[in-house]
Amino acid sequence: MEKLPPIQKIYEAYSALADDRFDLRPEEATITSSDGSRTYTVRWQDGLYRSTDNATYWQGYAGYPVIVVLLLQGLLPYDAEIAGWFKGIPWKALNDAHKRDYGAALQEAFQMAGLTEEQAARAEAKAAEDMAALAALDIQTGRLQA
């Protein structure tokens with residue numbers, strides 16, 4: 001993959017999985033935002049993943065809905081226990097409150113999740129593993145017209 005997302009998008013994908021905010025079908029998935037206000041569509045074919053989420057659509061990197069699909073497809077390593085730690089995290093509110101400072105939003109998410117130092121270290125290691133796997137994938141992302 002050419003352009004990588006901020007690592008926080010991995011954690012947003014974990015939350016979507018832990019919250020069961022997805023519907024996976026053979027060539028399409030829908031992912032609902034953390035506040036329930038939006039639903040994103042992801043479609044894939046021949047290594048091209050197109051999505052309606054803002055990150056994929058406007059920034060050109062895999063947004064968390066695309067990452068959800070890649071995790072569900074087994075293309076990225078998934079750990080349900082670690083993902084479960086991020087259940088219920090209000091990412092939209094955090095991102096808005098921190099004016100898109102993803103690092104600050106992530107630190108607050110860790111606090112909200114009540115992670116111990118050991119858990120935080122495990123989560124960071126897993127997210128880094130997922131980012132490395134994402135970087136190694138031979139896929140492309142692009143805009144999906146709604």
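Residues whose amide H comes within less than 5 Å of that of Arg38, counting only those at least five positions distant or on another chain, are Ser33 (H built at 1.01 Å from N in the peptide plane). Give the lysines reachable from Lys87 as a straight Cα distance under 17 Å; neighbours fewer than 8 places away on the same chain don't count. Correct list for Lys87: Lys9, Lys126.
Find the relative contact order for region 1-137 and round it to a whole percent, using C-alpha pairs within less than 8 Å whose residues are 6+ positions apart. Mind showing how you got there, number by number?
On the way: 186 pairs, mean separation 40.9, N = 137.
Relative contact order, region 1-137: 30 percent.
Overall form of the chain: prolate. Here a/c, set by the Cα gyration tensor axes a ≥ b ≥ c, is 1.5 or more, and a/b is the larger of a/b and b/c. Taking amide H as placed 1.01 Å from N in the peptide plane, the amide H of Ile7 sits under 5 Å from none that are at least 5 places away or on another chain. If both residues of a DSSP beta bridge must be in the chain, then about 75% of such bridges are antiparallel. For region 1-76, trypsin sites (Lys or Arg not before Pro) are listed when DSSP marks them as loop and at most 16 other Cβ atoms sit within 10 Å of their Cβ; the list is Lys3, Arg38. Phi angles of region 129-145 translate, via the Karplus equation with coefficients 6.51, -1.76, 1.60 and θ = phi - 60°, into HN-Hα couplings of 5, 5, 5, 5, 5, 5, 4, 7, 5, 9, 9, 10, 10, x, 6, 10, 6 Hz per residue; Gly and Pro are given as x. Using a simple spin-label model with pseudo-atoms 7 Å out from Cα toward Cβ, Ala135 and Gln119 lie 2.8 nm apart. The shape of region 1-50 comes out oblate: with a ≥ b ≥ c from the C-alpha gyration tensor, a/c is at least 1.5 while a/b does not beat b/c. If a spin label sat at a point 7 angstrom from the Cα of Leu4 along the line to its beta carbon, the backbone N atoms of region 48-63 nearer than 15 Å would be those of 61-63.
Taking label points 7 Å from Cα along the Cα-to-Cβ direction, Lys87 and Trp58 give a separation of 3.2 nm.
Bear in mind that the values in this text are calculations on the coordinates, not laboratory data. Because the structure is predicted, anything quoted here is derived from the model rather than measured. Neighbour counts are summed over all protein chains in view; Cβ atoms, including those assigned to glycine, are modelled from backbone coordinates with ideal geometry.
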